[in-house]
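The values are calculated or read from the model by the stated rules, or taken from the named source; none is laboratory data. Every value quoted in this text rests on a predicted model; they were computed, and no experiment measured them. Reconstructed Cβ throughout: ideal geometry from the backbone, glycine too, with neighbour counts over all protein chains shown.
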Amino acid sequence: MSAIEKAAVAAIDRDHLDGASAAANAEPIDVVLAQPRGFCAGVERAIDIVERALAKYGAPVYVRHEIVHNKHVVDTLRGRGAIFVEEIDEIPAGAVTVFSAHGVAKKVEDGAGLMNLDVIDATCPLVTKVHKEGRRYADKGYDIVLIGHLGHPEVEGTLGQIPGKVHVISEPHEVATLSVSDPEQVSFVTQTTLSVNDTKDVIAALKARFPNIVGPDTRDICYATQNRQTAVIEMSKQVDVLLVVGAHNSSNSNRLREIGENFGLPSYLIQNADDLDPAWLNGAKKVGLTAGASAPEKLVQQTIDRIREYRDVSLKPLDGVEENVHFKLPRELADTPRPPEATEAWALD
């Protein structure tokens, strides 16, 4: 377990050491905690950028689109002075503006420049890497196949960052209908919230049709997406029910729920503890609990607290990958201390 997760488990156990719960004599249930779960490095960096921008420049700080796909995060930052907008024309000229972790199209960057917005880019560095990879092949005249979900903010941003011909597909059968300029000059990139498992069939179909297709090494796929899915795959072999804490518009959270369903498990995506239906626990001896990459550990703790209202809980953290990835902050915020109220706000407050 990571240091944050160890602290989280310890905090939960301390809170309930006396067993002063309405469920003290109820049928016991094991809560199996996935490792890793919750915030990834890109999400942590994006939230940190908004918090430090507020500390340095004061409110308001404008954020184009949700900084990450999680209502609790957005509402918390809104309470601290962030203003979330969908388009930059909603932002006053010259205002401090943060681009979300999903990235933006080049025309959005250009528009921000025309409005003299003081922009801080919170795009996940792994998304930026996809943009650069796509542009590199586009500059060589390649058709680009973007494996992802049309309409997702990351895909929209990536489409707007790559000049030339870009095709968006998400399923293997779509490969047959692709019309490319030159079958010998085709490359592919992927949405970062898709894992190796999510994309392997599409990539296999692409390689079958375009044997000379080029694309990123599997090691370039987002580490966090892959790690969280691997953890849920292992956990799904052991539990009776799966709970995923995350937003309904979170691509990676939805995929975690789908993995549980593929194992034949009753699997539920909940935004917070209030969404938990105690009937889901009926007859279950082990419930698996994880969180999408945009969901704070605090929401996981609150979900465990809610389960304790109905059952006597024993926590069973799984072994798994311990992530030690950290991304650098933008230069303009590197020397700005994280505000005191933000320290561990997402995990233990």
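The table that follows gives values for the structure above.
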read-out: Among (1) closer than 22 Å to THR193 by Cα; (2) modelled with pLDDT under 95, the one test that ARG80 misses; value: (1)
read-out: Condition check for VAL73: modelled with pLDDT of 95 or more, on the phi < 0 side of the Ramachandran plot and crowded, with 16+ Cβ neighbours inside 10 Å; value: no
read-out: Selection count, segment 53-67, where residues are surrounded by 23 or more Cβ atoms within 10 Å (Cβ to Cβ) and either aliphatic (A, V, I, L, M) or more than 21 Å from ILE88 (Cα to Cα) (or both); value: 4
read-out: Criterion: touching a Gly at 6+ places or on another chain (Cβ under 6 Å), under 14 Å from VAL189 (Cα atoms), in contact (Cβ under 8 Å) with a residue 24 or more places away in the chain and in the same structural domain as SER195 (by TED's automatic domain parsing) - qualifying residue of VAL155, VAL130, VAL145, VAL166; value: VAL155
read-out: Single condition TYR62 does not satisfy, out of (1) at pLDDT 50 or above; (2) over 16 Å from the mean Cα position of the chain (by Cα); (3) assigned to a helix (DSSP H, G or I); value: (3)
read-out: Selection status of ALA24, at pLDDT below 95 and small (Gly, Ala, Ser); value: yes
read-out: Contacts under 8 angstrom Cβ, first residue in segment 48-72 being farther than 29 Å from GLN301 by Cα and small (Gly, Ala, Ser), partner modelled with pLDDT under 95 and surrounded by fewer than 24 Cβ atoms within 10 Å (Cβ to Cβ), 6 or more apart; value: ALA59/ARG80
read-out: Selection status of SER195, modelled with pLDDT of 95 or more and of a type in the set (Gly, Ala, Ser); value: no
read-out: Hey, SER236 in contact with a Phe, Trp or Tyr (Cβ under 9 Å, 6 or more places away or on another chain), more than 18 Å from ILE304 (Cβ to Cβ) and touching a residue at least 40 places away in the same chain (Cβ under 8 Å) or not; value: yes
read-out: Selected residue (criterion: nearest to HIS65 (Cα to Cα)) from residues of segment 263-288 that are among the polar types (S, T, N, Q) and in contact (Cβ under 8 Å) with a residue 24 or more places away in the chain; value: GLN271
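For (1) more than 18 Å from the chain's Cα centre (by Cα); (2) surrounded by fewer than 19 Cβ atoms within 10 Å (Cβ to Cβ), each residue gets a yes or a no:
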{"position": "LYS200", "(1), (2)": "yes, yes"}
{"position": "LEU206", "(1), (2)": "yes, no"}
{"position": "SER251", "(1), (2)": "no, no"}
{"position": "ASN262", "(1), (2)": "yes, yes"}
